[in-house]
Every structure is written in structure tokens, then in C-alpha cells.
Amino acid sequence: HGRPDVTTKANPIQNKLSQRLIALGLYRSLTPTASDYQQVLESRSPLMLCVLPTMTLRALRVKTRKALKIKSNVLFWISQSDGTLAELRTEHDDQTVDWLGLNEGSKLIYHAVET
């Protein structure tokens, strides 16, 4: 018997998935070749999507369609640091967002393909 031992509760380190989310800026292109991308980046406000770096490109396409409330397919291009675009084709759909080089604040141009 006697007094209970005094223990100090250390704040457990919270490792939440929400702390790993990255924000991607999605800009809509009206052309299927994204040839208007300079104007798109300058004149339109982005749709911001928060995703995990481990999300696949396929899942990002689905999430984008859900956010836009559309059923058509979505084409993506990434705006690179040298000002050029690189298309993210469907053969890369199994790759993760971080493998593709996307990180916090990356700019993606998308085009909704009418079906």
C-alpha cells in the first residue's frame, strides 16, 4: 500500500497521415495539347488538391474527377522548373506522386477529355 508512483506522461509523438499531405495546384487547360499552358498558369486560379506522396497517378486522376464532379478522363502535364511541360501518360498510372517528382506546390495542367 502507500502512495502510487508518480509517472509523468510524455506527449506521444503523433505521426498522422495528415502531416504528410502535399498540396498540388491543378490548372485547367482548354486544349488537349495544353498549348495554352503559359496563359493558364498566369490567368487561372488553381484547384488545390491535398494528396499523400504515396498516391498513384491513377488515384490522382480519380480524385481529380471527383473534385471536378466529372466522369470524363483527365490528361495531366507537369510544369517543370525550366518552363517546359511533361505529359503524365496513362502508362505511368501505377507510379506514385513522389516518384513522378511531384511535391508540395507542384503545378499540374489538366484537360478533361469529353467522352
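The values are calculated or read from the model by the stated rules, or taken from the named source; none is laboratory data. Please read these numbers as outputs of a predicted model, since none were measured by experiment. Because the Cβ atoms are built from the backbone with ideal geometry, glycine has one as well, and the counts that use them run over all protein chains shown. Ligands, DNA and RNA are excluded from the accessible area calculation, which covers all protein heavy atoms including side chains. Shrake-Rupley method; radii C 1.70, N 1.55, O 1.52, S 1.80 Å.
Counting only protein heavy atoms and a probe of 1.4 Å, the accessible surface of the chain is 51% carbon and sulfur. Under the convention that each Lys and Arg Cβ holds +1 and each Asp and Glu Cβ holds -1, the size of the dipole of the range 4-115 around its Cα centre is about 540 debye.
The range 17-33 and the range 36-101 have Cα centres lying 5 Å from one another. Shape summary of the chain, radius of gyration then Dmax from alpha carbon positions: 20.1, 80 Å. Bridgeable lysines around Lys107 (alpha carbons under 23 Å apart, same-chain partners fewer than 8 residues away excluded): Lys63, Lys66, Lys69, Lys71. Of all DSSP-defined beta bridges confined to the chain, some 80% are antiparallel rather than parallel. Per-residue Karplus couplings for the range 98-109, computed as 6.51 cos²θ - 1.76 cosθ + 1.60 with θ equal to phi - 60°, are listed in order as 5, 5, 6, x, 7, 9, 3, x, 4, 9, 10, 9 Hz, Gly and Pro entered as x.
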